[in-house]
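One structure is given here, and the rest of the page talks about it.
The values are calculated or read from the model by the stated rules, or taken from the named source; none is laboratory data. Just so it is clear, the model here is predicted, and its values are computed rather than measured. Cβ coordinates were reconstructed from backbone atoms using ideal geometry, including for glycine residues, and neighbour counts include every protein chain displayed. Just so you know, the surface numbers come from the protein's heavy atoms only, side chains and all, with ligands and any DNA or RNA stripped out. Shrake-Rupley method; radii C 1.70, N 1.55, O 1.52, S 1.80 Å.
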Amino acid sequence: MKRFFVIVVCLIFAGAAGRAELPVSDKTEKGALEVEITGFKSEAGKAGILVFRGAEGFPEEISKAYTGAGIAIEDGKVSAVFYDVEYGVYAVSVVHDVNENNRLDKGLFGIPVEDYGFSNNAKPGLFGPPSFESASFKFDAEHKTIRIKIR
């Protein structure tokens, strides 16, 4: 019996010594982010949607956005699906780009003259847009839908 126990222990250690640590997978989990926007007053122009993965550039800098799209407006609403979005924290900004110049037009004192909206339906601050934090949400599902009401 003692001999059997010694053999089993030796086999266990031999197996452990021959085992290599497997690297952690580099596979990033991804899903589909659906953005539904309602409240457009007209179908003129397009809805400019920007998805940000951090505060840098939020809410207007197209070059700093993680992804984005310009979508035609139908029946006062828009629905867009972004595929292969990496799990993380995001914020979305939307502009009703009536004249299709790919930016939010502003009037006197920088006040927007085109309608806009943000994820979480975050409200703008006293002197500017909401913070990334107030508009941010966690994306960690195969499919997630967020709803934004244009203002």
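Things worth noting here:
- Surface composition of segment 74-151: carbon plus sulfur atoms hold 52% of the accessible area, using a 1.4 angstrom probe and ignoring ligands, DNA and RNA.
- Multiplying the residue separation of GLU56 and THR145 by 0.36 nm and removing their Cα-Cα distance gives an extension gain of 29.7 nm.
- Residues of type lysines that LYS30 reaches as a straight line, Cα spacing below 16 Å, ignoring anything fewer than 8 places off in the same chain: LYS138, LYS144
- Packing-based order for 88-97, 122-131, using average beta carbon neighbours within 10 Å, highest first: 88-97, 122-131
- Proximal lysines to LYS106, defined as alpha-carbon separation beneath 23 angstrom and excluding residues fewer than eight positions away on the same chain: LYS41, LYS46, LYS64, LYS77, LYS123, LYS149
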